[in-house]
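Below is one structure, written out as C-alpha cells, with a few remarks after it.
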Amino acid sequence: MKWWGWGLEDVAFTHEDKPELGPFIERALGLDVGRATASPPSFSDLHVPDPALPDTLSSVLERAVGPEWVSVAALDRVVHGRGKSLRDLLYQRRGDLGRIPDAVVRPGDEDQVGRVLRAALDADAVVIPFGGGSSISGSLEPPREERRPVLSVDVGRLDRVLSIDAESRLARVQAGTFGPDLERQLGARGWTFGHYPDSFTHSTLGGWIATRSSGMQSDRYGDIADLTRGLRVVTPNGVLVTRPVPSASTGPSVREMVLGSEGRLGIITEATVHVRRLPEQRRILGYLFPAWPAGVAAMRDIAASEAAPSVTRVSDAPETLLSFATRKAPTPLDRVKSRALRELLQRRRDFDLGAMCLSFIGYEGDRRHVAVQRNLAERIVKRHGGVGIGASPGRLYDQKKFDTPYIRDFLLDRGALADVSETAAPWSVLPALYDAVSSAANAAFDRLGARGYLMCHLSHSYHSGACLYFTFALNPSGRRDPLEEYSEVKESIQQAFVDSGATLSHHHAVGTEHSQWLEQDISAPGVAMMRALFEGIDPGANLNPGKIT
Ligand SMILES: Cc1cc2nc3c(=O)[nH]c(=O)nc-3n(C[C@H](O)[C@H](O)[C@H](O)COP(=O)(O)OP(=O)(O)OC[C@H]3O[C@@H](n4cnc5c(N)ncnc54)[C@H](O)[C@@H]3O)c2cc1C
C-alpha cells in the first residue's frame with residue numbers, strides 16, 4: 001500500500017490511453033493534464049518521529065504475539081497512521097505525518113488480540129484497530145495531541161474463512177480477511193459474499209463492519225449491516241459474542257451497536273455472515289435516460305416493483321459526460337456502434353446528448369430469473385424514456401471499477417483536488433436534495449473563484465429511498481491554501497445534506513471528517529446516548545479516541 005496515495009506502488013492511473021479525457025479535464029477544470037506539477041516527496045526525505053514505546057509495554061506485547069509481530073519500522077508506522085481520505089493524502093504529500101502510532105502490532109488469533117488489548121489498557125496506551133487502512137473519514141489517525149503510547153492493531157493475520165454452514169447459508173469469517181481473499185476462499189467452495197465496495201481490494205471484513213460499509217451489489221445482497229449476523233469482539237470487559245440468529249428480541253441490538261463503532265468498543269475478531277451460492281449468470285446492462293429526473297424516477301419505480309436487480313445505478317449528466325470521456329480509443333466496430341446509437345438518440349426528440357444520463361442495472365441468478373428480472377426492469381426503464389445500450393458499457397464499468405480510485409492521485413499530481421461525499425434520503429427528498437447540493441457546491445466554487453466540477457450518481461436503492469453519491473473536483477484558485485478551499489466545498493456539500501433532511505453519510509462512516517454534523521443528523525440526545533456507550537465501555541478513552549463523537 002502506498003504511504004502517500006491509493007493502492008499498490010506499481011499501479012497508477014493514466015490519461016494516455018483515453019484520448020478524450022485530457023481535453024475534458026482541460027475544459028472542466030482548466031487543467032493541463034500533460035503537465036504533472038506536484039509529486040509526493042520521497043520517503044527518505046520525511047521526518048518520521050521516533051517511536052515512544054515504553055520497554056515494559058514492548059516486552060509484554062512481544063510475549064503476547066511474538067517479537068516479529070511488533071513493528072516499530074518507520075514505513076509501517078507511517079502507513080498505519082492514516083487512512084485514504086483526500087485530507088489524509090494531502091497531509092502525507094506535504095510530509096505532515098501527524099501523530100503516527102508508536103508500534104504496529106499484528107496478533108495471530110483472538111487470544112492474542114485479548115492479550116494485546118489487556119497490555120495496552122494496563123499501560124494506559126491507545127489502541128487503534130486497523131483493517132485495510134482504506135478509511136475515507138479520518139477514522140484511523142491518532143489525535144495530534146495524544147501523549148500516551150499509541151498502538152495500531154493490524155488484524156491482517158486473521159484472514160480465514162473458518163467454516164460454512166451450508167444449510168443456513170452462513171460463514172464464520174475472521175475479521176482481517178480482505179475482499180479478494182474472502183471471495184477466493186468462498187468461491188473455491190461455490191459461495192459468494194457479494195459485498196463489493198469500490199475499495200474491495202484494500203479493505204477487510206472487520207473494517208466494513210466497523211464503518212457500516214455498502215457494496216455495489218447491495219440491492220440484492222444488502223449492506224454490511226444486513227449481511228452480518230453474529231459477531232465476536234474483544235472488548236475491555238472480555239469477548240463480546242452475539243449469536244448468528246436471523247433476528248432477536250433481546251433489547252437494543254448489541255450487534256447494531258458494534259456495526260459502525262469504528263474501533264471505539266473493541267476489536268472485532270470474527271463475524272458470521274450471510275453467503276449465497278455463486279450465481280449461474282451475472283449481467284450488468286447499460287441504459288441511457290433522457291435526463292436525471294427520468295433516471296431517478298425509473299430507479300424509484302424499480303425499487304417499488306417485483307424486479308429485484310443486484311445493481312441500480314444512474315449517473316447525472318456531468319458524470320455521464322466524464323464516463324464517456326474516459327473511454328479508450330475506439331475500435332472501428334466501436335465507432336460504427338456509437339454512430340448508430342447517436343443516430344438513434346438524435347431521432348428521439350426527448351434526448352439531448354448533453355443532458356442524457358448513463359445507467360447500469362445488474363441482474364443475477366439462474367438464466368430464467370435473470371430473463372424475468374430484466375424484462376420487469378426494462379418495462380419500467382422504457383416507461384421513463386430510457387433505452388438499452390447493451391452489455392459492453394456495463395462490462396467495462398465492472399472491470400474498471402477498482403481502478404477508478406487511482407484517479408485522485410493523478411489529479412493531485414497535477415494540482416487538482418478530487419473527493420466524494422455521499423448520503424441517503426427518502427425518495428421524496430432526493431430531487432430537492434440533489435438541487436440543494438448542486439447549488440451549495442457551485443456557490444462554493446464561485447466564492448473561492450476556483451474552477452470546480454460536481455457530479456453525482458444514485459446507487460444502493462431501498463424500499464423507501466436511495467443513496468446519492470457526489471464526486472467533486474477543484475482546481476484551487478491559488479489565493480488560499482488548497483486544503484482550506486477543499487474544506488469549504490466539502491463542508492458546503494455536507495451541510496446541504498443535513499439541511500435537506502438527508503444523513504451525513506450512507507456508507508463512509510463518521511470518523512473525524514463528518515463528526516461536526518452528527519448532532520444535526522441524530523439529535524443531541526442521540527449523541528449523548530452514543531457518548532454514554534463509549535464512556536461506559538472504555539472509561540479511559542483508550543480505544544480509538546476522538547472518532548465519531
Ligand atoms: C477509493 C475508495 C473507495 C471506497 N469505496 C467504498 C465503497 O464503495 N463502499 C464503502 O462502504 N466504503 C468505501 N470506501 C471507504 C472504506 O473503504 C470503508 O470505510 C471500509 O469499510 C474500511 O475498511 P478497512 O478494512 O480498510 O478499515 P480501516 O480503514 O482499516 O478502518 C476503518 C475503521 O474501522 C476500524 N476497524 C477496522 N478493522 C476493525 C476491527 N477488526 N475491529 C474493530 N474496528 C476495526 C478502524 O479502527 C477504523 O476506525 C472507500 C474508500 C476509498 C479510499
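Restricting region 44-63 to residues that are in contact with a strand residue (DSSP E or B) (Cβ under 8 Å, 6 or more places away or on another chain) and among the hydrophobic types (A, V, I, L, M, F, W, C), the residue that is surrounded by the most Cβ atoms within 10 Å (Cβ to Cβ) is Leu61. Between Asp352, Asp334, Asp301, the distinction of being charged (D, E, K, R), over 26 Å from Asp223 (Cα atoms) and touching a residue at least 12 places away in the same chain (Cβ under 8 Å) belongs to Asp352 only. Of note, Ser139 satisfies the criterion of being within 15 Å of the ligand (Cβ to nearest atom), part of a loop (DSSP other than H, G, I, E, B) and under 18 Å from Ile268 (Cα atoms).
Considering each of Arg395, Arg379 in turn, give the residue that is assigned to a helix (DSSP H, G or I), in contact (Cβ under 8 Å) with a residue 24 or more places away in the chain and basic (Lys, Arg).
Numbers: Arg379 fails: in contact (Cβ under 8 Å) with a residue 24 or more places away in the chain.
Step by step, each of Arg395, Arg379 is checked, and only Arg395 is assigned to a helix (DSSP H, G or I), in contact (Cβ under 8 Å) with a residue 24 or more places away in the chain and basic (Lys, Arg).
From Leu86, Leu117, grab the single residue that is hydrophobic (A, V, I, L, M, F, W, C) and over 30 Å from Phe472 (Cα atoms). Talk me through it step by step, then tell me what you get.
Numbers: Leu86 fails: over 30 Å from Phe472 (Cα atoms).
Unique residue meeting the criteria: Leu117.
Taking the stated definitions as given, is Arg255 closer than 30 Å to Val420 by Cβ, more than 15 Å from the ligand (Cβ to nearest atom), not β-branched (Val, Ile, Thr) and not in a strand (DSSP E or B)?
no
Considering region 213-235, the residues that are part of a helix (DSSP H, G or I) and more than 8 Å from the ligand (Cβ to nearest atom) include one that is farthest from Gly362 (Cα to Cα), namely Ala225.
Among the residues of region 502-549, the ones that are touching a residue at least 60 places away in the same chain (Cβ under 8 Å), over 27 Å from Ile100 (Cβ atoms) and part of a helix (DSSP H, G or I) come to 1 in all.
Can you report the number of residues in region 152-171 which are within 16 Å of the ligand (Cβ to nearest atom) and either in contact with an Asp or Glu (Cβ under 6 Å, 6 or more places away or on another chain) or of a type outside the set (Lys, Arg) (or both)? Walk me through how you get there before you give the answer.
Narrowing region 152-171 to residues within 16 Å of the ligand (Cβ to nearest atom): 152-162.
With the extra rule that they be either in contact with an Asp or Glu (Cβ under 6 Å, 6 or more places away or on another chain) or of a type outside the set (Lys, Arg) (or both), the set shrinks to 152-156, 158-159, 161-162.
Residues that pass the stated criteria total 9.
Here the condition is being of a type in the set (Ser, Thr, Tyr) and either modelled with pLDDT under 95 or assigned to a helix (DSSP H, G or I) (or both); of Ser477, Ser492, it holds for Ser492 alone. Checked against (1) of a type in the set (A, V, I, L, M); (2) away from the ligand (no atom under 13 Å from the Cβ); (3) within 24 Å of the chain's Cα centre (by Cα); (4) not in a helix (DSSP H, G or I), Ile128 passes all but condition (2). Summed over region 75-104, the residues that are crowded, with 18+ Cβ neighbours inside 10 Å, away from the ligand (no atom under 13 Å from the Cβ) and either more than 30 Å from Glu491 (Cβ to Cβ) or small (Gly, Ala, Ser) (or both) give a count of 4.
The values are calculated or read from the model by the stated rules, or taken from the named source; none is laboratory data. Computed from a predicted structure; not experimentally measured. Cβ coordinates were reconstructed from backbone atoms using ideal geometry, including for glycine residues, and neighbour counts include every protein chain displayed.
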